[in-house]
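Chemist: Pasting a structure below so you can have a look.
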Amino acid sequence: MKLQRLLAAGALALAASLFAAPAAMADDNATVSVLHAVPGAVVDVYANGGELLKDFKPGTLTDPQMLPAGKYDLKVVAAGAGKDGDAVVEAKGVTVPAGANITVVAHLTADGKPALTPFVNDTSASKEGGRITVRHVAAAPAVDVRAGGTAVIKALENPKEAMMNIAAGTLNVDVVAAGTDTVVLGPADVKVDAGKNVIVYAWGSLTDENLALAVQSVDLMKGSTPTKPGMPSTGAEGPSSSAPIAAAFLGALAIAGTAVIATRRRVATKA
């Protein structure tokens with residue numbers, strides 16, 4: 001079920017309408033998406049006692065949701081345990097920062113350990129018309145990303161990202177072990193539209209042979225409109241206030257032997 005529908009459900013009709021922001025507070029909102037990129041763990045997530053995510057399965061990317069800046073109490077339980085079930089983890093007073101466009105990714109590190117990384121999505125205008133971002137969040141060594149058989153991103157490591165501003169069009173993309181022609185994922189056609197940042201995630205595990213791609217599309221600002229004050233225009237790293245968001249989802253994959261243990265800042269590799 002989509003995040004927006006879940007947030008609209010009666011379970012979220014709390015006294016203050018949990019995630020319903022008045023029009024006057026629109027500029028204080030944050031845009032948050034969540035990608036579940038760890039194979040095998042299914043969880044439910046509750047916010048302020050209301051169900052936020054139910055049966056959250058690997059490979060699922062939620063719709064972006066506008067959340068008022070503020071603090072939230074989150075609780076993660078095993079799927080089906082209910083809001084009164086034993087908490088896998090609880091986070092009280094979680095801060096959601098204003099103005100951010102963030103994708104929180106629960107994934108595996110290069111050596112297969114669970115991790116959680118908040119990425120800031122670059123929404124600044126592209127002089128070329130479009131943008132493609134590649135994020136390595138798979139249990140795999142460094143990789144090269146090829147377009148039409150030519151390596152356009154080299155030696156990308158987990159959990160880093162690389163971005164390119166490009167004209168609108170369709171790219172035939174595959175992923176190979178760094179410095180080789182050994183294909184580990186793809187090929188796949190990726191369409192980049194004008195005015196969009198198309199974000200491609202390589203996730204899963206090379207050893208377990210379940211590598212997969214997830215694709216997200218984020219709107220870019222038009223013309224030379226700057227990003228909101230205080231937000232990085234390159235998407236190279238998350239704001240310092242994104243750490244509480246990561247903490248809020250800490251343990252979301254702790255079911256079945258997984259435990260979210262890390263939050264790191266991003267440094268984008270410009271290709």
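Chemist: Mind checking which pairs have a first residue in the stretch 156-175 that is basic (Lys, Arg) and a second that is modelled with pLDDT of 95 or more, Cβ under 7 Å, 6 or more apart or different chains?
Modeler: Qualifying pairs under 7 Å: 160/136.
Chemist: May I ask you to say which residue of 74, 116, 52, 35 is at pLDDT 85 or above and surrounded by 23 or more Cβ atoms within 10 Å (Cβ to Cβ)? Quick ask: steps written out before the conclusion?
Modeler: Working: 74 fails: at pLDDT 85 or above; 116 fails: at pLDDT 85 or above; 52 fails: at pLDDT 85 or above.
Testing whether each residue is at pLDDT 85 or above and surrounded by 23 or more Cβ atoms within 10 Å (Cβ to Cβ) leaves just 35.
Chemist: Out of all the residues in the stretch 179-198, which are open to solvent by 40 Å² or more (accessible area, probe 1.4 Å) and assigned to a loop (DSSP other than H, G, I, E, B)?
Modeler: Listed by number, the residues that qualify are 179, 180, 181, 182, 193, 194.
Chemist: Need a quick list: strands (runs of 3 or more DSSP E) entirely within the stretch 92-158 having at least 2 residues that are within 22 Å of residue 205 (Cβ to Cβ) and of a type in the set (Val, Ile, Thr). Give the steps one after another, and end with the answer.
Modeler: Values: elements: 101-108, 114-120, 130-139, 143-147, 150-156.
Fully inside the stretch 92-158 and qualifying: 101-108, 130-139, 143-147.
Chemist: So how many residues does the stretch 49-71 have that are in contact (Cβ under 8 Å) with a residue 60 or more places away in the chain and either outside any loop (DSSP other than H, G, I, E, B) or of a type in the set (Ser, Thr, Tyr) (or both)?
Modeler: Selection size over the stretch 49-71: 4.
The values are calculated or read from the model by the stated rules, or taken from the named source; none is laboratory data. Small disclaimer: the values here were computed from a predicted structure and weren't measured. Cβ atoms come from the backbone with ideal geometry, glycine included; neighbour counts cover every protein chain shown. We work out accessible area using only protein heavy atoms, side chains counted, and drop any ligands, DNA or RNA first. Shrake-Rupley method; radii C 1.70, N 1.55, O 1.52, S 1.80 Å.
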